[in-house]
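Remarks on the structure that follows.
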Amino acid sequence: MATISSDTDMSLSKSQCSHSDNKDGSKNTEHNLPIVGDRVIEGEGTSQQAWQNWQGLHDLPRLDISKDFSADLTSSEPSAVSSNSLSTIASANYKTAGQPPRVCIFAPHPDDEILGCAGLLQQLAANGNPLLLVYVTNGTQSHPDSAIYPPHKLAVIRPNESLAALEALGIKHQVTSVALNLQDGQVFEHRHLLHQKLKAIIQPNDILVTPFEHDGHPDHEATGQVVTAYAKQHSLACYQALIWAWHWAKPADNRIPWQKAVRLELTAEQLQRKVDAIHCFESQVSADDSTGNPPILSCQTIARVSQPWEVYLYES
Ligand SMILES: [Zn+2]
């Protein structure tokens with residue numbers, strides 16, 4: 001496992017870092033979608049240091065888990081869900097009053113829940129919120145033409161890596177997961193199907209967490225758009241996590257609605273667990289010898305999301 005000692009010594013020299021321009025097999029420059037636009041994931045992206053040095057990030061309002069994700073005593077609350085079948089989740093008995101609400105975390109690909117939300121997950125688990133992790137795809141297209149990671153193997157490997165990551169966070173036993181099995185790289189094309197599947201999962205008092213609807217990766221943007229629209233339609237609280245936005249955006253970038261941003265503080269221990277969890281995604285952090293391609297998650301990318309904070313966009 002990687003180790004860290006402070007929030008400032010995570011910087012890695014270029015010589016230590018390989019990098020890839022894209023991930024999940026979805027070069028967004030190759031997509032002709034009415035999303036993504038100029039939010040292009042290419043090159044090394046904005047450095048971890050540039051984000052650390054931006055005062056605007058330090059000035060953001062703080063997210064308070066015990067307050068913002070607390071029980072609404074007037075509403076019914078979820079009981080534990082022990083199966084990962086959609087029908088069981090939909091018919092779960094939500095009647096125990098006074099418990100913190102369930103939180104549904106949407107990961108377009110297994111790893112997004114950790115890259116964007118590992119700190120939030122740890123704090124929600126400690127707060128007692130039931131957690132439902134929703135894999136929108138199984139991330140099968142991250143290694144085109146690979147002999148080591150063909151799609152049928154990735155369909156098993158990546159969800160298993162996610163489980164190992166939850167174990168590294170120490171919260172695996174508190175998380176229920178469900179896979180929606182949409183095709184990796186085609187969430188936008190199947191957005192209506194995603195909307196239908198949400199109806200089978202989401203309960204009236206859930207809080208939703210999704211990637212930013214303008215995060216820069218087509219699957220992230222499509223997931224963000226569908227989930228935020230569903231939340232609005234059903235008057236549910238919804239938080240949008242920044243993941244690939246850290247790559248293409250610049251400090252104070254006006255393509256990000258910073259006025260909606262809230263900052264979650266991570267303790268040193270929570271950050272260490274997050275870094276350990278990221279390194280559980282061996283398929284994403286290792287070079288592919290069969291294709292000669294560098295790791296999907298470059299050192300820069302890992303460093304950028306290994307900060308003692310996470311940022312979410314929230315509109316009340
Ligand atoms: Zn992703």
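The values are calculated or read from the model by the stated rules, or taken from the named source; none is laboratory data. Given the structure is predicted, the values throughout are model-derived calculations rather than measurements. Every residue, glycine as well, gets a Cβ built from its backbone with ideal geometry; the counts of neighbours run over all protein chains shown.
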>> Please go through region 44-60 and give me each residue that is of a type in the set (A, V, I, L, M) and part of a helix (DSSP H, G or I), ordered by number.
In response: A50, L57
>> Looking at the structure I just gave you, is E221 among the charged types (D, E, K, R), buried (at least 24 other Cβ atoms within 10 Å of the Cβ) and at pLDDT 95 or above?
In response: yes
> Looking only at residues in region 216-251 that are part of a helix (DSSP H, G or I) and more than 16 Å from the ligand (Cβ to nearest atom), which one is farthest from I278 (Cα to Cα)?
Replying inline: Q233
> Can you name every residue in region 263-292 that is part of a helix (DSSP H, G or I) and surrounded by 15 or more Cβ atoms within 10 Å (Cβ to Cβ)?
Replying inline: Q270, L271, Q272, R273, K274, V275, D276, A277, I278, S283, Q284, V285
> Do you know which residues across region 99-119 are more than 16 Å from the ligand (Cβ to nearest atom), outside any strand (DSSP E or B) and under 26 Å from H214 (Cβ atoms)?
Replying inline: G119
> All but one of (1) within 16 Å of the ligand (Cβ to nearest atom); (2) aliphatic (A, V, I, L, M); (3) modelled with pLDDT of 95 or more hold for L63; which doesn't?
Replying inline: (1)
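Before we move on, is N254 under 22 Å from F69 (Cα atoms) and in a loop (DSSP other than H, G, I, E, B)?
For N254, the condition - under 22 Å from F69 (Cα atoms) and in a loop (DSSP other than H, G, I, E, B) - is not met.
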